[in-house]
Amino acid sequence: MEWKHPRALKPGDLVALVSPSGPVASPEIVDKCRAVLEEYGLRVWTGPSAHKFTDYLAGSDEERAADLNAAFRNPQVRGIFCTRGGYGAGRLLRRIDWGALRADPKLFAGFSDLTAVHAAIACECGLTSFHSATLASAFVNEGDKLTPESRTVYEKQVFGTEAIGSIRTAMNWADPWVLRGGRAEGVLVGGNLSVFAANVGTRWMPEPDDKIVFLEDVGEEPYRLDRYVNQLDMSGWLGRVRGIILGQFTNAEPTHPKREKVDVVLPRLLSELRVPILGNFPAGHVPRHAGLPLGCRVVLDADGGDVVLEEALCV
């Protein structure tokens, strides 16, 4: 399949600020997210439900889907940025006007719960998308803000048209975790492990052939990570990928002192797969987060401890 790419953003472009998942803690955070985009010289349309708070969702499914559809249908909007993750984006997939995005490819940026939307964009539109820290975590929330290297990679992906190349170089990544050596090339898919695994059995799960899968998570004990990996494996999906990149699994300590930690559990779960597997990749719910161009070709060099982004997200 030949993937389509959004146009790189430039100052003066109109972008949308939306909350397809959980609610932000306060309206002030939405305002600060908007200010971040404006500092880049972008004009910002804020979705009406971006400030809303409906239990664990930023508004009803109808309201949140309406914001996304308005952004997808507006020919002036060139990019869509999410305030935060949380939960709820997967509930919108049946309500989205995918035809509008197919007809007018534009940048979509977010991570965590937005993994569901990334997967659907791949399946419905064959469009590359930006697995990036959400605006609140990347630029607003204290303690979560991107490191300087991460911010540079973020900006090059959004505003540039050249491939990032070596993540080892771009992120000064010196501590890869080699679970299984080898080298593989393929199209990058994935994101948050629990959300991605939940797409199995739906029409919004990308085919695994010719794919390198990236996985990360937060707040999941090892036994729950076991459940999600097992779902990918038992469905037959995981056994068909060309390689696996494991990002950061934060706040994943077992609550029982006799239970094994993530660095023991994950290698055991993946031990029978005969593909290159590289861990401790600098991306996830952490400030040291390398934005990734989903749908683009990458090289997983487990022997060399590197991931090379060979293709640019934008054109």
Original post:
Which of the residues belonging to segment 30-49 are within 16 Å of Pro11 (Cβ to Cβ), buried (at least 18 other Cβ atoms within 10 Å of the Cβ) and not hydrophobic (A, V, I, L, M, F, W, C)?
Top reply: Arg34
Subject >> Neighbours by Cβ (under 7 Å, 6+ apart or cross-chain): first from segment 258-274, outside the structural domain of Gln231 (by TED's automatic domain parsing); second at pLDDT 95 or above >> reply: none
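Restricting attention to segment 117-133, which residues are closer than 14 Å to Val213 by Cα and in contact with a Gly (Cβ under 7 Å, 6 or more places away or on another chain)?
Start the filter on segment 117-133 by keeping residues that are closer than 14 Å to Val213 by Cα, which leaves 118-119, 122, 131.
Within segment 117-133, His118, Ala122, His131 qualify.
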**OP:** Answer with yes or no whether Asp144 is in contact with a helix residue (DSSP H, G or I) (Cβ under 8 Å, 6 or more places away or on another chain), closer than 14 Å to His285 by Cα and surrounded by fewer than 21 Cβ atoms within 10 Å (Cβ to Cβ).
**Re:** yes
**OP:** For segment 50-71, indicate whether the set of residues that are surrounded by fewer than 15 Cβ atoms within 10 Å (Cβ to Cβ), within 26 Å of Asp144 (Cα to Cα) and either in contact (Cβ under 8 Å) with a residue 12 or more places away in the chain or in contact with a strand residue (DSSP E or B) (Cβ under 9 Å, 6 or more places away or on another chain) (or both) is non-empty.
**Re:** yes
**OP:** Need at least 1 residues that are within 25 Å of Ser19 (Cβ to Cβ) and of a type in the set (A, V, I, L, M) per element, so show me which strands (runs of 3 or more DSSP E) inside segment 95-180 make the cut, counting only ones lying wholly within it.
**Re:** 107-110
Subject >> Residue, farthest from the chain's Cα centre (by Cα), within segment 4-24, restricted to residues that are of a type outside the set (A, V, I, L, M) and buried (at least 17 other Cβ atoms within 10 Å of the Cβ) >> reply: Asp13
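Can you tell me which residues in segment 1-38 are charged (D, E, K, R) and assigned to a loop (DSSP other than H, G, I, E, B)? Explain how you work it out, then say what you get.
Of segment 1-38, the ones charged (D, E, K, R) are 2, 4, 7, 10, 13, 28, 31-32, 34, 38.
If the condition is that a residue be charged (D, E, K, R) and assigned to a loop (DSSP other than H, G, I, E, B), then Glu2, Arg7, Lys10, Asp13 are the ones that fit.
If you take the residues of segment 62-83 that are assigned to a loop (DSSP other than H, G, I, E, B) and under 20 Å from Ala35 (Cα atoms), which of them is nearest to the chain's Cα centre (by Cα)?
Going residue by residue through segment 62-83, those that are assigned to a loop (DSSP other than H, G, I, E, B) are 74-76, 83.
Within this subset, residues satisfying the condition of being under 20 Å from Ala35 (Cα atoms) are 76, 83.
Working: Gln76: 24, Thr83: 13 Å.
Only one residue fits best here, namely Thr83.
Scan segment 24-39 for residues that are more than 13 Å from Ile80 (Cα to Cα) and touching a helix residue (DSSP H, G or I) at 6+ places or on another chain (Cβ under 8 Å) and jot them down. Steps first, please.
Kept after step one, since they are more than 13 Å from Ile80 (Cα to Cα), are these residues of segment 24-39: 24-32, 35-36, 38-39.
Answer for segment 24-39, where residues must be more than 13 Å from Ile80 (Cα to Cα) and touching a helix residue (DSSP H, G or I) at 6+ places or on another chain (Cβ under 8 Å): Val24, Ile29, Lys32, Val36.
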Original post:
Can you find even one residue in segment 95-102 that is touching a strand residue (DSSP E or B) at 6+ places or on another chain (Cβ under 8 Å), surrounded by fewer than 18 Cβ atoms within 10 Å (Cβ to Cβ) and under 20 Å from Thr128 (Cβ atoms)?
Top reply: yes
Original post:
Considering only segment 181-201, how many residues are assigned to a loop (DSSP other than H, G, I, E, B) and touching an Asp or Glu at 6+ places or on another chain (Cβ under 6 Å)?
Top reply: 1
Original post:
So which of Gly59, Gly86, Gly41 ends up being under 21 Å from the mean Cα position of the chain (by Cα) and not in a helix (DSSP H, G or I)?
Top reply: Gly86
Original post:
All but one of (1) in contact (Cβ under 8 Å) with a residue 12 or more places away in the chain; (2) surrounded by fewer than 15 Cβ atoms within 10 Å (Cβ to Cβ); (3) closer than 24 Å to Arg94 by Cβ; (4) over 22 Å from the mean Cα position of the chain (by Cα) hold for Pro27; which doesn't?
Top reply: (3)
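Could you tell me which residue of segment 36-60 is nearest to Ala138 (Cα to Cα), considering only residues that are of a type outside the set (S, T, N, Q) and touching a Leu at 6+ places or on another chain (Cβ under 7 Å)?
First, pick out the residues of segment 36-60 that are of a type outside the set (S, T, N, Q): 36-45, 47-48, 50-53, 55-59.
Among the residues that remain, those that are also touching a Leu at 6+ places or on another chain (Cβ under 7 Å) are: 36-37, 42-45, 47, 50.
On the way: Val36: 10, Leu37: 12, Leu42: 17, Arg43: 19, Val44: 17, Trp45: 19, Gly47: 20, Ala50: 17 Å.
Once the filter is applied, the top-ranked residue is Val36.
So that you can scan it fast, the table gives a plain yes or no per residue for (1) at positive phi; (2) surrounded by fewer than 24 Cβ atoms within 10 Å (Cβ to Cβ); (3) assigned by TED's automatic domain parsing to the domain that holds Ala70:
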{"site": "Phe108", "(1), (2), (3)": "no, no, yes"}
{"site": "Phe111", "(1), (2), (3)": "no, no, yes"}
{"site": "Leu114", "(1), (2), (3)": "no, no, yes"}
{"site": "Cys123", "(1), (2), (3)": "no, yes, yes"}
{"site": "Gly126", "(1), (2), (3)": "yes, yes, yes"}
{"site": "Phe130", "(1), (2), (3)": "no, no, yes"}
{"site": "Ala133", "(1), (2), (3)": "no, no, yes"}
{"site": "Val140", "(1), (2), (3)": "no, yes, yes"}
{"site": "Thr152", "(1), (2), (3)": "no, yes, no"}
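The values are calculated or read from the model by the stated rules, or taken from the named source; none is laboratory data. Treat the numbers as computed from the prediction; the structure is a model and nothing was measured. Methodologically, a virtual Cβ is constructed for each residue, glycine included, from the backbone with ideal geometry; neighbour enumeration extends over all protein chains shown.
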